[in-house]
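Enquirer: This is the structure I want to talk about, given as structure tokens.
The values are calculated or read from the model by the stated rules, or taken from the named source; none is laboratory data. Please read these numbers as outputs of a predicted model, since none were measured by experiment. Neighbour counts are summed over all protein chains in view; Cβ atoms, including those assigned to glycine, are modelled from backbone coordinates with ideal geometry. These area figures cover heavy atoms from the full protein model, side chains too; ligands, DNA and RNA do not enter into them. Shrake-Rupley method; radii C 1.70, N 1.55, O 1.52, S 1.80 Å.
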Amino acid sequence: MNGTSSSGKTSLTKKLQELLEAPYFHLSVDVYENMAPDQFLEKNYWDTLRTCASMMHNSIKTFSDAGINVIVDHVILDIPEEEGWLKECVALLVDHPVVFVRVNCPLHELERRERECGDREIGQAKWQIERIHGHGVYDMEVNTFEHPLEDCAKQIMNFKLRCDQQSAFTSLMKAYSS
């Protein structure tokens, strides 16, 4: 799942874990960032975050290669500092069973959630919403404001790629190769 901070990715992940019959492990870029030593994040934030994201991308592949299901909670932005993140994900996972989900939520609700949560940087979602989803290629999208989490989770659970349809990662891989 790719969406801004406060879009509901973590809550949606928890709902999916609750509803799915098989176990799904939650991998989040926030968790990987929190594993990094503070002094390196403070000294060179983007290089350290790039390493954290790459480790997560490789972990996704490792889990999948082992036959372990994962739900990924990510924020992939269209900014120079994150250049190559999506391309790396696609290269590692194009041959794996991936459903690339766009998680949407309107700005006014993102801002309300930021204030209500209390542990978010105010304004982060506004900054991110202007810099996310530029590639525009997803298998499906959900809106956590327009629909309850359970409905969004069921939309994801019920998603099936049509036999005449390429996956988002296959389409992105072709675009990167040309």
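Enquirer: Where Rh is the Kirkwood radius over the Cα pairs of the chain, the temperature 20 °C and the viscosity 1.002 mPa s, what D in µm²/s does Stokes-Einstein return?
Expert: In µm²/s, the coefficient is 126.
Enquirer: Is the shape of segment 92-178 best called rounded, prolate or oblate, per the rule: a/c under 1.5 gives rounded, else a/b larger than b/c gives prolate, else oblate, with a ≥ b ≥ c the square roots of the Cα gyration tensor eigenvalues?
Expert: Note, shape of segment 92-178 comes out oblate.
Enquirer: Can I ask one more? Which one, Asn44, Thr4, Thr144, projects farthest toward the positive side of the charge dipole computed for segment 1-159 from Cβ point charges (K/R +1, D/E -1)?
Expert: Thr144
Enquirer: Let me ask you something else. If amide H atoms are built 1.01 Å from N in the plane of the peptide, which residues on other chains or at least 5 residues away come under 5 Å of the amide H of Val99?
Expert: Residues meeting the criterion, in which the H sits 1.01 Å from N, do not exist here.
Enquirer: Among Asp73, Asp119, Asp151, which one shows the highest mean-square fluctuation when the chain is modelled as a Gaussian network with alpha-carbon springs under 10 Å?
Expert: Taking springs between Cα atoms under 10 Å, the residue moving most is Asp119.
Enquirer: Next question, about the same structure. How would Asp139, Asp47 line up by accessible area, probe 1.4 Å, largest first?
Expert: Asp47, Asp139
Enquirer: Run down the lysines and flag those whose C-alpha is under 23 Å from the C-alpha of Lys160, throwing out any fewer than 8 positions away in its chain.
Expert: By straight Cα distance, Lys160 reaches Lys9, Lys14, Lys15, Lys61, Lys174.
Enquirer: Report, in deg cm²/dmol and to the nearest 500, the calculated mean residue ellipticity at 222 nm for the chain, where each DSSP H run with n ≥ 4 adds -39500 (n - 2.57) and the sum is divided by the residue count.
Expert: Helix contribution divided over all residues of the chain: -15000 deg cm²/dmol.
Enquirer: Something else about it: Rolling a 1.4 angstrom probe over the protein chains, ignoring ligands and nucleic acids, what is the accessible area of Arg115 in square angstrom, nearest 10?
Expert: So the heavy atoms of Arg115 present about 150 Å² to solvent.
Enquirer: How large, in percent, is the carbon and sulfur part of the accessible surface of the chain at a probe radius of 1.4 Å?
Expert: The nonpolar share, carbon plus sulfur, comes to 51 percent.
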